[in-house]
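The values are calculated or read from the model by the stated rules, or taken from the named source; none is laboratory data. In this text, all values refer to a predicted model and were calculated from it rather than measured experimentally. Ideal geometry is used to build each Cβ from the backbone, glycine not excepted, and the neighbour counts take in all protein chains shown.
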Amino acid sequence: MPKVLSYTPSWLSRPSPGFDLFAANSNAPTKAPNGLGKATEYSGPLRTIATRNSEVFVAVGNEIRWSDLVLLQETDKASRSRFSRSQSRSERTAYEDDVGFYRVSSSSNSSSQPRLTRVTKVLKVSIHRPIKQLVISPQGEYMAITTSHTAYIAVLPDSALLNSEDTSVLKLKTFQLGPTAHVLEQPPIASVIWHPLGYRGRCLVTVTTDAVVRLWELNRADRSTFNEPALAIDLKKLANATSADDNLSASKYGATKGFSPDSVELEVASACFGGSPRSQDAVHGWAPMTLWVAMKEGDVYALCPLIPSKWQLNRTSSGAAVIETLTTSINSRYASLEDQLDISEDERRSSTQQLSWLSDIIYQEHLIEDGLLGEAYDVYSRPTSTPPIPKLQGPFSLVPELDEDFELADIIVSGFKILGDDLEEAKSEGLPASVVCLLTTSCEVHICLDLDGIEGRWLPSGKSQQLFLDADPEHDLLVFETVKLLEHGNETTLEPSHPSITIDVNSDNSFFVTHDGGISYLSMASWMQKLERELSNAQSEGAEFRLNVFMEGAQTRVESTICIPKDLHQGNGQPIASCVIIEDSDIGYFLLTTVQGEPYAATLDSSNDELPFDDSAVERYMAFDDEALPQRLELRQSYQAPRTFWKKSELATFIEERVPARRKNTLKDEVRLSPATLELLMNAHRILSQETHQLGLAAADLFRRCERLKDEFNGQIFRAAKLTARIDGVTGDDEEGYEGSEDDERVVGSARIEQRLEEAKAKQTELVARHDQIRKKLAKIGGRDLSEQEQAWIAEIEKIYRSVEGSTSAADHSQKSEDFATWQRIEEVRRLKEELLAQAKETGPGLKDDVNFAIKVPREYRNQRMAHVQEMLDRETSMVDAVSERMSRLNILIS
């Protein structure tokens with residue numbers, strides 16, 4: 001898990017331009033854009049920060065601001081260095097007054113005046129409502145800008161143009177998306193997603209809360225592509241449709257809408273595409289074509305395949321793996337269903353449609369185009385053998401069913417990959433299974449496993465339409481784990497809002513969750529790798545045992561990365577902006593969000609190495625005593641002065657807006673007692689009392705921080721004094737009197753330490769020499785005792801020696817009485833062999849004559865007996881040979 005190295009840097013703190021980049025406008029209109037005194041309530045996600053490499057686009061109200069974090073960091077360092085070298089007060093005042101500007105001296109002409117360089121820019125757009133979401137296209141050319149109901153597409157300038165020294169306001173070229181689809185009279189926008197397979201990254205998918213999915217294929221040369229979507233799918237109609245020829249498009253602007261029971265159950269909370277949003281590496285073929293839709297009531301649906309009329313794949317191994325996985329999955333499913341007789345007609349038709357859809361892709365003449373960065377792409381056309389609108393799959397059942405009711409806020413889907421022996425093989429192909437993470441409004445994350453995978457399905461065409469379709473095969477999402485980010489009933493639990501999920505740029509198995517309490521990091525890498533290994537090498541034997549062991553030890557790791565003070569945003573009704581992750585060589589692994597116009601950031605450790613032990617355990621076992629361990633310092637966020645200290649008083653605004661013009665002149669005269677004057681004083685007192693109360697709370701918090709800082713400094717001074725005494729004891733500086741002669745020089749400090757080291761080394765050398773001397777002396781005195789195996793081996797050798805030599809001692813006679821000696825057994829075997837051979841020669845001719853007159857023995861029985869005799873002879877011969885070989889190894893000659 002990433003370790004927090006530091007919190008909000010100085011170049012994002014007040015009064016730097018980085019802080020002003022997120023600050024709210026002081027002259028913002030007080031009335032809502034709809035003309036009412038109160039703004040329309042918005043319950044969707046707040047993604048007001050977008051990134052392109054190290055560039056940051058921030059939406060503040062209806063204004064978009066731009067800056068480069070690397071430029072902010074470098075300019076802050078240069079400004080601080082220049083400020084520290086300035087001598088006169090006038091120069092320092094000039095630096096402090098240039099809020100938003102930094103003085104940078106020219107390197108070409110040192111005598112010239114310093115020039116002003118703007119590090120932040122304002123990008124002007126014709127939008128009159130507060131911006132809620134900013135989403136940049138994969139190629140970085142476009143940026144989708146959405147309010148609560150409307151959507152716009154802005155053409156982003158090149159980075160070189162934005163980094164120019166021009167300080168004027170830059171106007172962006174924008175196109176309104178769907179002038180009749182995304183308007184105030186229509187439902188709000190729930191999600192805005194750039195299609196991962198869109199042609200040149202210009203395909204946008206918008207999902208509204210009334211369950212309408214629109215797919216836009218943008219082209220600046222054709223203005224109509226911004227007015228009408230290429231596909232408009234009403235999920236409520238699609239859920240009840242029985243044929244692909246039905247009217248599945250969204251209702252036109254101004255059309256009357258009747259009541260539908262699906263209006264509540266199909267209220268969209270969020271949507272996302274499957275697979276990896278960063279690249280096409282190690283994803284299954286169906287994953288980037290599957291749109292997952294999460295409803296607020298808790299249901300989850302899927303549309304597969306949802307692709308534009310022109311879509312592209314990287315001309316690399318990852319792009320080829322997408323086609324390979326599609327081919328393998330579709331062909332294997334078609335072959336398996338062909339052999340089954342009890343399969344439903346709907347399943348057979350779906351398999352045939354998949355095969356026809358795949359054939360259109362494989363056998364078409366696709367185009368090869370080069371991208372902006374020199375990479376090549378394979379451009380395909382959408383197959384025409386199947387309808388462009390897929391079948392709505394779902395709702396998927398959660399198993400086991402959750403007891404508590406919940407409302408979904410966001411969804412994320414991550415796929416599994418096949419693990420191989422080497423890294424290249426591990427990143428080439430994905431598995432159909434995936435992990436579905438559901439985030440609720442109560443800050444709970446339900447981690448579910450989709451082991452079956454989503455496949456492409458379509459409705460039947462008009463020729464084969466049916467009154468009722470067969471029921472879809474049961475598709476379950478296994479609830480693997482539920483992670484609670486905020487404990488209910490605690491004081492830190494705030495009002496439910498709209499938390500959001502942000503993908504980690506380093507891993508597809510981890511993500512960040514932005515909620516009311518701050519930002520939390522969740523990592524599933526520990527158990528996902530084990531599950532990927534099990535799914536890659538699936539074996540039925542012992543699967544239940546391995547599954548039980550896996551379930552006992554699998555757990556998602558959760559860590560709180562940034563904590564937001566509760567009083568900073570409590571009661572304002574506006575959620576925290578969804579965080580963004582930036583990884584750059586200059587600023588590192590950076591986490592950024594904003595709360596009430598104040599940036600909150602953290603620099604994380606990008607290393608993925610997870611050690612089996614932590615630093616505290618190493619220090620505990622390596623130290624001699626626990627008291628000698630240095631106290632671990634807690635990493636805290638730097639103190640940021642609350643806005644109460646520097647925000648403008650509302651009293652001036654109150655006088656301008658609430659006091660009638662006819663009475664403003666009387667404020668300069670003497671106070672006259674009247675009901676109007678009393679009301680005016682009471683209202684002014686109410687404002688001043690609230691502001692002074694906030695100032696008192698902020699001052700009390702600052703006082704407590706100062707007291708704690710003073711106590712910590714005292715503790716550090718005390719520990720430093722103890723450490724100084726120990727150092728003096730080692731170096732000899734604590735010796736008050738010196739009893740040596742006047743000629744001897746007193747050795748202290750580093751020389752004292754080096755002297756003690758030399759003495760220790762000399763003593764060690766002496767001990768080693770004494771050890772070697774004693775070891776050699778013991779080796780000469782005698783060897784070690786024989787082991788039991790060695791003693792048994794010697795006894796066996798002596799026994800064989802006595803039996804072969806034929807010893808005549810009394811002990812040997814007692815041994816011979818029990819069994820024959822080895823040499824006697826050998827002689828007996830030889831004697832019996834010679835006798836048997838002689839008898840066979842003598843009786844051989846006579847037996848031949850007797851055979852003709854004797855009883856005939858069956859041939860099978862005779863062969864069996866001869867084989868038995870031959871086996872006995874071979875056994876005796878083998879025993880004799882073995883004994884002879886053993887004696888030869890003992891260098892004993894047998895006479």
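Tell me, which residue of the range 245-279 that is at pLDDT 85 or above and in contact with a Pro (Cβ under 8 Å, 6 or more places away or on another chain) is nearest to P308 (Cα to Cα)?
F273
Does R214 satisfy the condition of being modelled with pLDDT of 90 or more, surrounded by 18 or more Cβ atoms within 10 Å (Cβ to Cβ), touching a Leu at 6+ places or on another chain (Cβ under 9 Å) and within 24 Å of K236 (Cβ to Cβ)?
Values: modelled with pLDDT of 90 or more: yes; surrounded by 18 or more Cβ atoms within 10 Å (Cβ to Cβ): yes; touching a Leu at 6+ places or on another chain (Cβ under 9 Å): yes; within 24 Å of K236 (Cβ to Cβ): yes.
Judged against the criteria, R214 is a match.
Among the residues of the range 600-613, is there at least one that is modelled with pLDDT of 90 or more, farther than 19 Å from S507 by Cβ and surrounded by 15 or more Cβ atoms within 10 Å (Cβ to Cβ)? Before you say what the answer is, go through the steps one by one.
As a first pass, look at the range 600-613 and keep what is modelled with pLDDT of 90 or more: 600-604.
Within this subset, residues satisfying the condition of being farther than 19 Å from S507 by Cβ are 600-601.
Of the ones still in play, those that are also surrounded by 15 or more Cβ atoms within 10 Å (Cβ to Cβ) are 600-601.
Yes, the range 600-613 has at least one match.
Checking S148 against (1) in contact with a strand residue (DSSP E or B) (Cβ under 6 Å, 6 or more places away or on another chain); (2) small (G, A, S); (3) within 15 Å of G44 (Cα to Cα); (4) part of a loop (DSSP other than H, G, I, E, B), which test does it fail?
The failed condition is (1).
Do we find a residue being closer than 30 Å to S649 by Cβ, surrounded by 10 or more Cβ atoms within 10 Å (Cβ to Cβ), modelled with pLDDT of 85 or more and touching a Ser or Thr at 6+ places or on another chain (Cβ under 8 Å) anywhere in the range 697-708?
yes
This table checks each residue for (1) at negative phi; (2) surrounded by fewer than 10 Cβ atoms within 10 Å (Cβ to Cβ); (3) at pLDDT 85 or above; (4) over 60 Å from the mean Cα position of the chain (by Cα).
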site	(1), (2), (3), (4)
G737	yes, yes, no, yes
S741	yes, yes, no, yes
R746	yes, no, no, yes
R752	yes, no, no, no
E759	yes, no, yes, no
K763	yes, no, yes, no
E766	yes, no, yes, no
K780	yes, yes, no, yes
L786	yes, no, no, yes
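May I ask you to verify whether I343 is at pLDDT below 90 and either exposed (fewer than 15 other Cβ atoms within 10 Å of the Cβ) or farther than 30 Å from D472 by Cβ (or both)? Break it down into steps so the answer makes sense when it comes.
Numbers: at pLDDT below 90: yes; either exposed (fewer than 15 other Cβ atoms within 10 Å of the Cβ) or farther than 30 Å from D472 by Cβ (or both): yes.
Yes, satisfied.
Condition check ((1) within 25 Å of D378 (Cα to Cα); (2) in contact with a strand residue (DSSP E or B) (Cβ under 9 Å, 6 or more places away or on another chain); (3) outside any strand (DSSP E or B)) across all residues:
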{"position": "I153", "(1), (2), (3)": "no, yes, no"}
{"position": "A160", "(1), (2), (3)": "no, no, yes"}
{"position": "E165", "(1), (2), (3)": "no, yes, yes"}
{"position": "S168", "(1), (2), (3)": "no, yes, yes"}
{"position": "F175", "(1), (2), (3)": "no, yes, no"}
{"position": "H182", "(1), (2), (3)": "no, yes, yes"}
{"position": "A190", "(1), (2), (3)": "no, yes, no"}
{"position": "I193", "(1), (2), (3)": "yes, yes, no"}
{"position": "P196", "(1), (2), (3)": "yes, yes, yes"}
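Could you list all residues from the range 662-711 that are of a type in the set (K, R) and within 30 Å of Y639 (Cα to Cα)?
Restricting attention to the range 662-711, the residues satisfying the condition of being of a type in the set (K, R) are 662-664, 668, 672, 686, 704-705, 708, 710.
Those that are of a type in the set (K, R) and within 30 Å of Y639 (Cα to Cα): R686, R704, R705, R708, K710.
Assess whether L337 counts as being at pLDDT 90 or above, of a type outside the set (S, T, N, Q) and more than 22 Å from P138 (Cα to Cα).
Here the answer is no, as L337 does not meet what is asked.
Scan the range 450-471 residue by residue and report those that are at pLDDT 70 or above, part of a loop (DSSP other than H, G, I, E, B) and not polar (S, T, N, Q). Working first, answer last.
Taking the range 450-471 first, the residues at pLDDT 70 or above are 450-461.
Filter again for part of a loop (DSSP other than H, G, I, E, B), leaving 451-461.
L451, D452, G453, I454, E455, G456, R457, W458, L459, P460, listed by residue number.
Regarding L431, is this residue among the aliphatic types (A, V, I, L, M), modelled with pLDDT of 80 or more and surrounded by 21 or more Cβ atoms within 10 Å (Cβ to Cβ)?
Values: among the aliphatic types (A, V, I, L, M): yes; modelled with pLDDT of 80 or more: yes; surrounded by 21 or more Cβ atoms within 10 Å (Cβ to Cβ): yes.
Answer is yes for this residue.
Please work out which residue is nearest to R214 (Cα to Cα), limiting yourself to the range 151-171 and to residues that are surrounded by 19 or more Cβ atoms within 10 Å (Cβ to Cβ) and at pLDDT 90 or above.
A151
Looking at N714, N683 in this structure, which one is in contact with a helix residue (DSSP H, G or I) (Cβ under 8 Å, 6 or more places away or on another chain), part of a helix (DSSP H, G or I), surrounded by 10 or more Cβ atoms within 10 Å (Cβ to Cβ) and modelled with pLDDT of 80 or more?
Details: N714 fails: in contact with a helix residue (DSSP H, G or I) (Cβ under 8 Å, 6 or more places away or on another chain).
Of N714, N683, the one residue that is in contact with a helix residue (DSSP H, G or I) (Cβ under 8 Å, 6 or more places away or on another chain), part of a helix (DSSP H, G or I), surrounded by 10 or more Cβ atoms within 10 Å (Cβ to Cβ) and modelled with pLDDT of 80 or more is N683.
What tally of residues in the range 657-666 results from selecting those that are surrounded by 10 or more Cβ atoms within 10 Å (Cβ to Cβ) and over 13 Å from N683 (Cβ atoms)? Talk me through it step by step, then tell me what you get.
Start the filter on the range 657-666 by keeping residues that are surrounded by 10 or more Cβ atoms within 10 Å (Cβ to Cβ), which leaves 658-659, 663-664, 666.
Subsequent filtering for residues that are over 13 Å from N683 (Cβ atoms) retains 664, 666.
Here the count works out to 2.
What are the pairs with Cβ atoms under 9 angstrom where one residue, in the range 588-605, is more than 26 Å from N62 (Cβ to Cβ) and the other, located anywhere, is at pLDDT below 90 and basic (K, R)? Sequence gap at least six, or different chains.
L604/K3; D605/K3
Looking at (1) exposed (fewer than 15 other Cβ atoms within 10 Å of the Cβ); (2) closer than 21 Å to E455 by Cβ; (3) in contact with a helix residue (DSSP H, G or I) (Cβ under 9 Å, 6 or more places away or on another chain), which is the one condition that is false for A335?
(3)
Across the range 754-777, what is the number of residues that are of a type in the set (D, E, K, R) and within 22 Å of I727 (Cβ to Cβ)? Lay out the reasoning, then the answer.
Quick first cut of the range 754-777, residues of a type in the set (D, E, K, R) only: 754, 756, 758-759, 761, 763, 766, 770, 772, 775-777.
Subset that is within 22 Å of I727 (Cβ to Cβ): 754, 756, 758-759, 761.
Residues meeting the conditions: 5.
Could you give every pair whose Cβ atoms fall below 9 Å, whose first residue belongs to the range 649-672 and is hydroxyl-bearing (S, T, Y), and whose second residue is surrounded by fewer than 11 Cβ atoms within 10 Å (Cβ to Cβ), counting only separations of at least 6 or pairs across chains?
T653/T30; T666/R672
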